[in-house]
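Only the coordinates and a few stated rules stand behind these numbers; no lab work does. Since the model is a prediction, treat every value here as computed from it, not as a measurement. Positions of Cβ are backbone-derived with ideal geometry, glycine not excepted, and every protein chain shown enters the neighbour counts.
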Ligand SMILES: N[C@@H](CCC(=O)N[C@@H](CS)C(=O)NCC(=O)O)C(=O)O
């Protein structure tokens, strides 16, 4: 069994991508030094570790840097394969398709719901809400196909795809409270709505997922920051 080694994680607690990695570390029973990144100021360590994208999460294992949440989860699963449950599916077909869906979620779901927060007009916001709902309908179909009638995408317990989708749930919930839109409607996406409840009740989610109020507060600060940057750019012209 691989030794635990020195593990550091640079993160931002509300980030879905950081939640994804922290849940994986929790599932494997790994302890790590959690270095929180400041809201809007990036530390030397962050800039040095991820000079290309300047994004978190960043995992540093015995001095080696691993970037991108999906890659980090895969790395954790492979290095500590003998610890805790397997996160990536063992079945070759499921192992090949789970990363496809994870990439789809990060590309389409993330940009759609972030757009809900960023929208300047109600029309724009409603477009982004529809886009988010359309992605969730696709995921309802994916869930029906991959869960094989069980409780999670991965079967009886959470796995790679559950982490990939579930790490975004706290943002959907926060936006539901902020804008009064229901993203996980038991009438429209019943499987996903039940799965989401199950996901939030897992030990790993309870340990890591931030409270909705904390997410809402961050979303408001982030939006105010965007508006201030845009105003400063406009007045400099
Ligand atoms: N594809 C990356 C995305 C990571 C990402 O977008 N992280 C955001 C936080 S949610 C970030 O650090 N953004 C840079 C910033 O906020 O300036 C991953 O999966 O790790």
Centre separation in Å (Cα based) which lies between the range 17-71 and the range 185-237
19 Å
Just from the alpha-carbon atoms, what are the Rg and Dmax of the range 37-94 in angstroms?
14.2, 42
With both bridge residues required to lie in the range 7-79, what share of the DSSP beta bridges run antiparallel, to the nearest 5%?
65 percent
One can check that the equivalent ellipsoid of the range 7-79, built from the alpha-carbon gyration tensor with semi-axes equal to the square roots of five times its eigenvalues, has lengths in Å, largest first, of 18, 13, 11
Note the direction-averaged projected area, equal to a quarter of the hull surface, for the Cα convex hull of the chain, in nm².
13.8 nm²
Would you mind telling me which residue in 219, 82, 164 has the biggest mean-square fluctuation in a Gaussian network model of the chain, where springs connect alpha carbons within a distance under 10 angstrom?
82
Cβ-based exposure ranking for 199, 40, in which fewest neighbours within 10 Å come first:
40, 199
Percent of alpha carbon pairs in the range 1-128 separated by more than 18 Å?
59 percent
Exposure proxy ranking, count of Cβ atoms within 10 Å, fewest first, for 10, 47, 30, 163
47, 30, 10, 163
Projected area averaged over all directions for the convex hull of the alpha carbon atoms of the range 181-237, nm², comes out at 5.9 nm²
Can you tell me what share of the DSSP beta bridges in the chain is antiparallel? A percent to the nearest 5 is fine.
70 percent
Averaging 1/r across every pair of distinct alpha carbons in the range 92-215 and inverting yields a Kirkwood hydrodynamic radius, in angstrom, of 14.8 Å
